[in-house]
Amino acid sequence: MAKTPDVRAVLHAAVEAVGGEERPGQIEMAEAVRHSLESGEHLLVQAGTGTGKSLGYLVPSLLHGKRVIVATATLNLQHQLVERDIPALKDAARKTMGEVPHHAVVKGRSNYACLHRVREGAPDDQGTLVEVPEGSLGAEVVELREWAEEQASAGHSGDKDSAPSHTERAWRQVSVNHRECLGASRCAHAQECFAELAREDAQDAQLIVTNHALLAIDAIDGVPMLPEYGAVIVDEAHELAARVTQASTDELDSAMIERAARRARTHADGQGADDLADASDALNDVLVRMDEGRIDNVDESLQEALALIRDSARATMSDFPKEDGKSEPDAARQQARGMVDDVRKIADRMASKGETEVLWMSAGQRDKRLHIAPIDVSASLREKLFGEKTVVLTSATLKLGGGFDPVAQSLGLKPGDDDWSSLDVGSPFDYQQQGMLYVAKDLPLPGRDGLEEAQLAEITALVEAAGGRTLGLFSSRRAAERAAEVVRERLPDIDIWCQGDAQLPELARRFAETPSTCLFGTLSLWQGVDLPGDTCQLVIIDRIPFPRPDDPLMSARQRLVEKRGGNGFMNVAAHHAALLLAQGTGRLIRRATDKGVVAILDPRIVTARYGSFLAASLPDMWRTTDRETALGALRRLDEAATTP
């Protein structure tokens, strides 16, 4: 007979199972999540690094008795949940509650190998791929095909994450997206299909792990990607609005249209495909005369080109032969139809752009491309996610300017409403004792032309005092490379790695293994890099990471806020900067024994009116603007780290 489940008892057993230490904040969080799931009240929980927030929400989710979705922003966290935290939790829970519920992972279809494509070839295969030199694309595809067959015969997942090392181009030869899929009723390999088996497995699961994008497609776009559920835990919730926006962003260029027209010619009768190719040329003729950036008013020539693309794509769709249900399914034709239909939908969306969407053009090395995205996703989230499900949002950075309202508002929750509550369970770390926040008040304001001599001299002095051990977070690739170049010249005995010198995981490994080195980089280092210990005792931030003034999406959001009577700078630019600063500063203290200094080389943190809002978003470290105090602390830390 199953024992009566108890959150604290199961949490205690789970923490023990993973070799962790129970934290008061973790217990407080678990009880709050349990209350939220039972009451239906939405909850925002800020849980600092080291709290153990994964188990803080997994335990009450497992005990809830009804299906709960856990959505993450990164593959790293998803992998940690599925491979470590959930299995350990379930093993521990068996001692307390007897039988434990089933869990599953749901990913997009393109994350699984497609046996139809593996066995019958991709529509764009060029000749045989068997007799090709090892190391080429063909050899990669052959290896992936062999792996997929092994996975099928062994009853394994066919998941991209478990595949042999490969390029994205090779993976596309053995996988399909949802538009290219023939469908379970028409595919000869449906009984073995990895994606379908994963979906079936999820139907029996009480706990399902997925990502923000699939959650958005299911809840907001209304495309059924997940089994029915009533509650969702959103981890890394500070990323949710950006991931939902990303999932709802479309792109269009002449190459994409031309490719769709070329595929359609093989399978469709009539003039449509030729007209679609002509429409591609018409769009290209318009785009070459345009400048990069946001397009506030779609002029007549662009409007006509988009309408021509939409109409010729619609005509091409009519030219495809009707399915009679008797002939063999044709994967190549399915793919061609999907490509043409994508072009039609995107062109139609761009041609009829409304006030709540932003259209812009970017210029690559070869072509110019149009993009369209929702300016503000808060209304959609409020109506289609918070209005339908119980939602728990958690992250180490949910409070901006000292409160939850900015993030809550950006996600569609209204300050003061009684349908949500918030909780900050703190961190087990003693930031006042472990960390120092130094703001270089006497430096000149950052200029538009990148790092100047004053900043470069400050970086060199800080790195020298720290004996290396520095993570440099820069606002641009150019700034990171310039800083690396100068510090290498001035401190030749310290190894400086810069983003771009190798793949990021390799650079992070080198940095972690050699404590006296430095790693300089841009945005991908601000979040998600975990470097505990003596390897990172100094984090340098070159400037407040405001969005670029010409960023199409951010500038459109700022303008929309102002049009509605709000403060566009504070609601958009300052919020964006505060979130990144909190994430970047959080790279320093990753465990209870870590110590170090965060150095911000932008005096506006202490001199500008908005500086107090940014400062209130950061961990509560001991703060100073005195340069010698910071340098002295770094020298003492270096001496302690190098003394046996």
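The values are calculated or read from the model by the stated rules, or taken from the named source; none is laboratory data. Small disclaimer: the values here were computed from a predicted structure and weren't measured. Here the Cβ is made from the backbone with ideal geometry for all residues, glycine too, and neighbour counts use every protein chain on show. The protein model used for the area step is the full one, side chains on, heavy atoms only, and it has no ligands, DNA or RNA in it. Shrake-Rupley method; radii C 1.70, N 1.55, O 1.52, S 1.80 Å.
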Restricting attention to segment 278-305, the residues that are open to solvent by 70 Å² or more (accessible area, probe 1.4 Å), more than 13 Å from Lys368 (Cα to Cα) and assigned to a helix (DSSP H, G or I) number exactly 3
Checked against (1) more than 18 Å from Pro545 (Cβ to Cβ); (2) touching a residue at least 12 places away in the same chain (Cβ under 8 Å); (3) open to solvent by 10 Å² or more (accessible area, probe 1.4 Å); (4) under 30 Å from the mean Cα position of the chain (by Cα), Thr460 satisfies every condition except (4)
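So is Ala188 farther than 13 Å from Leu115 by Cα and of a type in the set (Gly, Ala, Ser) or not? Give the derivation first.
Working: farther than 13 Å from Leu115 by Cα: no; of a type in the set (Gly, Ala, Ser): yes.
Against the criterion (farther than 13 Å from Leu115 by Cα and of a type in the set (Gly, Ala, Ser)), Ala188 does not qualify.
Regarding Ala260, is this residue out of contact with any Pro (no Cβ under 9 Å at 6 or more places or on another chain), crowded, with 16+ Cβ neighbours inside 10 Å and farther than 18 Å from Thr72 by Cα?
Details: out of contact with any Pro (no Cβ under 9 Å at 6 or more places or on another chain): yes; crowded, with 16+ Cβ neighbours inside 10 Å: yes; farther than 18 Å from Thr72 by Cα: yes.
Spelling it out, Ala260 is indeed out of contact with any Pro (no Cβ under 9 Å at 6 or more places or on another chain), crowded, with 16+ Cβ neighbours inside 10 Å and farther than 18 Å from Thr72 by Cα.
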Val340 fails exactly one of (1) buried (at least 18 other Cβ atoms within 10 Å of the Cβ); (2) of a type in the set (A, V, I, L, M); (3) within 26 Å of the chain's Cα centre (by Cα), namely (3)
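Matching residues to (1) among the aromatic types (Phe, Trp, Tyr); (2) buried (at least 20 other Cβ atoms within 10 Å of the Cβ):
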site	(1), (2)
Ala363	no, no
Val377	no, yes
Glu383	no, no
Gly387	no, no
Val391	no, yes
Gly403	no, no
Val425	no, yes
Gln432	no, no
Tyr438	yes, yes
Scanning segment 563-593 residue by residue, those surrounded by fewer than 18 Cβ atoms within 10 Å (Cβ to Cβ) and part of a helix (DSSP H, G or I) turn out to be Lys563, Phe569, Met570
Mind checking whether some residue in segment 67-80 is open to solvent by 10 Å² or more (accessible area, probe 1.4 Å), at pLDDT below 90, among the β-branched types (Val, Ile, Thr) and over 23 Å from Ala216 (Cα atoms)?
no
Listed by first then second residue, the pairs whose first member lies in segment 541-562 and is touching a residue at least 40 places away in the same chain (Cβ under 8 Å) and assigned to a loop (DSSP other than H, G, I, E, B), whose partner is basic (Lys, Arg) and open to solvent by 30 Å² or more (accessible area, probe 1.4 Å), with beta carbons under 7 Å and at least 6 positions apart or on separate chains, are Ile544/Arg604
For segment 348-357, does any single residue satisfy the condition of being farther than 27 Å from Glu180 by Cβ and touching a Leu at 6+ places or on another chain (Cβ under 6 Å)?
yes
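Could you look through segment 150-189, keep only residues that are part of a helix (DSSP H, G or I) and surrounded by 15 or more Cβ atoms within 10 Å (Cβ to Cβ), and pick out the one that is farthest from the chain's Cα centre (by Cα)?
Residues of segment 150-189 that are part of a helix (DSSP H, G or I), as a first pass: 150-154, 160-162, 168-172.
Checking which are surrounded by 15 or more Cβ atoms within 10 Å (Cβ to Cβ) leaves us with 151-152, 160, 170-172.
Numbers: Gln151: 28, Ala152: 30, Lys160: 18, Ala170: 23, Trp171: 21, Arg172: 21 Å.
Per the criteria, the residue is Ala152.
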When (1) over 21 Å from His156 (Cα atoms); (2) in contact (Cβ under 8 Å) with a residue 24 or more places away in the chain; (3) not aliphatic (A, V, I, L, M) are applied to Arg94, the one that fails is (2)
Checked against (1) of a type in the set (A, V, I, L, M, F, W, C); (2) over 22 Å from Ile600 (Cβ atoms); (3) without any contact (Cβ under 8 Å) to a residue 12 or more places away in the chain, Ala454 satisfies every condition except (2)
Within segment 587-608, restricting to residues that are out of contact with any Lys or Arg (no Cβ under 9 Å at 6 or more places or on another chain) and charged (D, E, K, R), the one that is nearest to Ala479 (Cα to Cα) is Arg587
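Among the residues of segment 484-520, which ones are assigned to a loop (DSSP other than H, G, I, E, B) and over 25 Å from the mean Cα position of the chain (by Cα)? Working first, answer last.
Filtering segment 484-520 down to residues assigned to a loop (DSSP other than H, G, I, E, B) leaves 491-495, 499-503, 514-517.
Correct list: Leu491, Pro492, Asp493, Ile494, Asp495, Thr514, Pro515, Ser516, Thr517.
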- Test Ala599 against the stated conditions and say whether it is in a strand (DSSP E or B), in contact (Cβ under 8 Å) with a residue 24 or more places away in the chain and under 16 Å from Ile540 (Cα atoms). yes
Taking segment 618-644 and keeping residues at pLDDT 95 or above and either surrounded by fewer than 20 Cβ atoms within 10 Å (Cβ to Cβ) or of a type outside the set (A, V, I, L, M) (or both) leaves Trp622, Arg623, Thr624, Thr625, Asp626, Arg627, Glu628, Thr629, Leu631, Gly632, Arg635, Arg636
Scanning segment 204-253 residue by residue, the ones that are assigned to a loop (DSSP other than H, G, I, E, B), in contact with a strand residue (DSSP E or B) (Cβ under 9 Å, 6 or more places away or on another chain) and of a type in the set (Asp, Glu) total 3
(1) among the small types (Gly, Ala, Ser); (2) in a helix (DSSP H, G or I); (3) surrounded by fewer than 24 Cβ atoms within 10 Å (Cβ to Cβ) all hold for Ala104 apart from (2)
* Asked: Somewhere in segment 23-44, is a residue at pLDDT below 95, assigned to a loop (DSSP other than H, G, I, E, B) and out of contact with any Pro (no Cβ under 9 Å at 6 or more places or on another chain)?
  -> no
